[in-house]
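Please treat every number below as a calculation from the coordinates, not as lab data. This one's a predicted model, so the numbers in the text were calculated from it and none came from an experiment. Ideal geometry is used to build each Cβ from the backbone, glycine not excepted, and the neighbour counts take in all protein chains shown.
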Ligand code: FAD
C-alpha cells in the first residue's frame, strides 16, 4: 500500500513541472512535487549559494570528483576543469554512448544553470514541428502567458552598444554582417536592470562575475523565484527534494504509485518510499521522463504505453565552436555570461542555422568568438531499456552529430571567409577538434506530443497520466527551448484542469 497519498504528484521541478505545480495548486488540488536535486537556498562557507565557473567546487556538479565543463581545454591546457568533492551539485552531464546531455539538478531544474535566453520560435517552424497544435492560439495566448510568467525582459540597446561587457557580441555581430548575415537580439530572464547595476558597481556581480552554468547568485529569474514561488504560495503545493522517482505503476483502483529513492549527500539511497496519487504529471525533463516511461513499459508496470514512448529524440542540432579573431578584434577581458544575440540564418532553406553568440568569460583577452549553433538537423534517436543497468540507452550515433557539424560548418565557413579568420582548435579537448558535437544543452523528445501522448500531453494508453516537459518537443525547435516548453505546459494545464479534474 502506498505510504503517502496526494491528489496529484509532479515528478521534477523544471519548466514543465513548475507550470503543472502552479496551475494544480491554484485549482485547489493538493500536489506533491518530487525533485532529485537540492533546494538551492542555503549559502556555503563563502556566503554564496552557488559557485562560479572560475572557481568550481563541490556545488558545481552532480556527484563528480572533477568538473566536466563543455569547454575542456584552453590553448590545449586542461585549465578549465577542476577536481572537486563529490556532492549533489547543480549541473549534471548525463553520458550516453555518443552524446552527453547537460541538465540542471535542483528545485528549478534547467532554470538554475541555463543561459536565460528566452526565445519564442518562428511561428512557421513551430507549426511545422507541431502540426496538430492550434498555432494561432499558442502565439496569442500561451507564448505571451509563458513570457510574462517567466519574467522575460530585453537588454537596453543603447547600453548594449556602449558596455564593455558585450564587446564580444558586437565583434561577432560585425563579423556576421561582413558575411551578409542577419543578427537579432534575444530576450532573457536575466534582469538587465540588475546587470546594469553590476556594471556600475552598485550590485554584487553575478552575470558579470562569471556565474552561469553552476548557478547564478543574483539577477536570474529562475523558476524557484517565479512559477515555483507562486506554486508554494497557493498553500497546496509541497516540494520534496533529494528524492529520485524510479518506478511508476498503476494500482487496481486506477490510481498511480510512484516508487522513490531518497538519497543523501553522498548519493546513497537512505530510504525507499511509495507515494500514491490520482493525477500524475511527468516533468523530469526529456531524459528523466522518457527513462521513467521506457522503464515502466519494459518492466511491465505500465504495459499499455504506446510504441512512441522513447522515440523521436534529438539534440536541437546543437554544436559549439570557436573562431579565432584578428589581434585588433579584441573580445574584451570582461564578458557577461548571458547571451543576448543570435545569428539568424534559419530562413536559408538550404542550410537553416540559428547561432547564439556565446560568452567565454575568463577575465583575460583571448580573441575567441564562441557560438552555440542550433542547426535544423533532421536526425532522431530512440531510448531503449537496459535491464543490466536498470537505465536507458540512447541510440544516437556519431554520424548523426556529423549532420549538425556540416550545417554549422557551412555557416561559419562563410563568416571565416568574409573576415579572413579561422576556427579555434584548442577548446574541446582532443587536438584539432573544432566542433563540439558530443554534447547538447537542449535534449528534446522521447515522448513526442501527438505520438506518445494525445494532442495535450495525456499519455496514450492511460488516463490521468501526463507529460509536461521537453520530451514533448520532437527533437528540434530551432531556438533555445524553455519558452516553448513552458508555453506547451500552460496549454496542457489549461485543458486538463477543465476537462479531466471533475470535482
Ligand atoms: P528540466 O528543466 O531538465 O527539469 C527536470 C527536473 O527533473 C530536474 O530538476 C531534474 O533533477 C528532475 N528529475 C529528473 N529525473 C528525475 C527523477 N527520476 N526523479 C525526480 N526528479 C527528477 N534553454 C533556453 O531556452 N535558453 C537558454 O539560454 C538555455 N541555456 C542552457 C544552458 C545550459 C548549460 C543547459 C544545461 C541548458 C540550457 N537550456 C536553455 C535548456 C533548458 O534549460 C531546458 O530545455 C529546460 O530546462 C528543459 O525543461 P524541462 O521542463 O524539460 O526539464
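Tell me what the chain gives for mean residue ellipticity at 222 nm when only DSSP H runs of n ≥ 4 count, each as -39,500 (n - 2.57), the sum divided by the residue total, rounded to 500 deg cm²/dmol. Don't jump to the answer; show the numbers that get you there.
On the way: 10 runs with 115 residues, N = 503.
Result for the chain, helices only: -7000 deg cm²/dmol.
Remind me, relative contact order of region 268-364 in percent, using alpha carbon pairs under 8 angstrom and six or more residues apart?
Contact order relative to length: 17 percent.
For the chain, find the longest principal axis of its Cα atoms and tell me its angle to the long axis of helix 398-419, 0 to 90°, nearest 10.
Its long axis makes an angle of about 30 degrees.
Restricting to Cα pairs below 8 Å that are 6+ residues apart, what does the relative contact order work out to for region 211-293? Please round to a whole percent. Walk me through the numbers on the way to the answer.
Working: 82 pairs, mean separation 15.6, N = 83.
It rounds to 19 percent for region 211-293.
Sorted by mean Cβ packing within 10 Å, highest first, what order do the peptides 332-341, 19-28 take? Before the final figure, lay out the partial values.
Numbers: 332-341: 23.0, 19-28: 24.9.
Output ranking for 332-341, 19-28: 19-28, 332-341.
Suppose we keep just the DSSP beta bridges with both residues in the chain; what percent of those would be antiparallel, to 5? Write down the numbers at each step before the final one.
Details: 59 of 80 bridges.
Once the DSSP bridges in the chain are tallied, antiparallel ones form about 75 percent.
For the chain, find the longest principal axis of its Cα atoms and tell me its angle to the long axis of helix 15-26, 0 to 90°, nearest 10.
The angle comes out near 50 degrees.
Relative contact order (percent) for the chain, with alpha-carbon contacts under 8 angstrom and 6 or more residues of separation?
23
Extending each Cα 7 Å along its Cβ direction at residue 299 and residue 100, get the distance between those two points in nm, one decimal.
With each label point 7 Å from Cα toward Cβ, the separation is 2.8 nm.
Relative to the longest principal axis of the C-alpha atoms of the chain, give the angle of the C-alpha long axis of helix 482-499, reported between 0 and 90° and rounded to the nearest 10°.
Approximately 20 degrees, to the nearest ten.
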